[in-house]
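Quick note: the coordinates plus some simple rules give every number you see, no bench work behind them. All values derive from a computational prediction rather than experimental measurement. For neighbour counting, all protein chains shown are included, and Cβ atoms are generated from backbone atoms with ideal geometry for every residue, glycine included.
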Amino acid sequence: MKLEYSKILKWFRYNCQDQMDRLFDSLSPNQIQCKEWLIESLDKVQIPRDEFGKFNIEIVGGWYGYPLIDLLYQKYGDKINRIDIFELDEFACRAINKYNCIFKNWHVRVFHQDYFTYQEKRRTHMIINTSCEHMWDMSTNKDCYESPERTLLVLQSNNKTNEPDHTNCVTSCQELLEKNELKEMFGDWKRMNEGTPDKYIRFMAMGKWK
């Protein structure tokens with residue numbers, strides 16, 4: 001375990017022990033596997049960049065933000081200009097800010113608000129949403145972006161419809177692309193919890209808006 005994760009564990013233990021289960025869930029083998037799968041798959045697409053070769057990232061519904069933010073910085077380092085993360089849960093925002101301090105990631109901004117009501121016009125090069133099963137389709141916010149046809153979206157969802165808060169599941173990568181109005185660039189899927197009664201399929205799609 002990296003020293004930084006030991007520090008966040010200590011912070012949870014002494015400041016918010018009632019949230020420890022959520023921390024462990026956010027760092028579960030499934031969560032880590034899905035985030036590493038996403039990072040590895042980015043090699044199969046071209047991330048748009050600015051004139052200096054850098055890019056802005058938005059993460060939608062990022063929970064505690066890590067390990068995804070950590071993995072992104074490990075892979076791309078100073079090629080990342082800024083990361084904006086949208087999270088409705090007030091405590092999760094507090095935890096992300098603590099993570100950022102521990103990791104010294106000063107270019108991560110935390111927005112404690114609903115991504116789908118944030119209407120500021122902006123240029124974002126890559127949008128990541130690994131929790132599409134919980135949310136509206138991403139095409140809802142398409143008009144908020146300058147040149148949306150040049151914005152890369154990286155989306156994950158699943159077919160686990162027996163969860164009450166899973167309101168927008170899919171049954172294929174193609175459905176995930178179509179629901180979010182994306183042109184196909186890359187799609188893949190993984191079986192999760194194989195060999196257990198709780199098995200399900202997680203889908204990933206990468207593409208740009210039509």
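Full extension of the chain segment joining Met185 with Glu90 gains 30.7 nm, where the gain is 0.36 nm per residue of separation less the Cα-Cα distance.
Pairs over the 31 Å Cα-Cα cut-off, from the set Lys35/Lys104; Lys35/Lys210; Lys75/Lys179; Lys98/Lys183; Lys79/Lys121: Lys98/Lys183. Of the trypsin sites (Lys or Arg not before Pro) found in region 60-128, those in coil by DSSP whose Cβ has at most 11 other Cβ atoms within 10 Å are Lys104, Lys121. Under the combined filter of DSSP loop state and at most 10 neighbouring Cβ atoms within 10 Å, region 60-129 retains these GluC sites (Glu not before Pro): Glu120.
Where both bridge residues fall in region 3-209, DSSP classifies roughly 50% of the beta bridges as antiparallel.
Taking every C-alpha pair closer than 8 Å and separated by at least 6 residues, the mean separation divided by the residue count of the chain gives a relative contact order of 17 percent. Computed extension gain for Gln19 through Lys75, at 0.36 nm per residue and net of the alpha carbon distance, reaches 17.2 nm. Placing unit charges on the Cβ atoms only, positive for Lys and Arg and negative for Asp and Glu, gives region 74-131 a dipole magnitude near 360 debye about its Cα centre. With K and R counted +1 and D and E -1, the other residues having a Cβ less than 15 Å from that of Met192 yield a net charge of -1.
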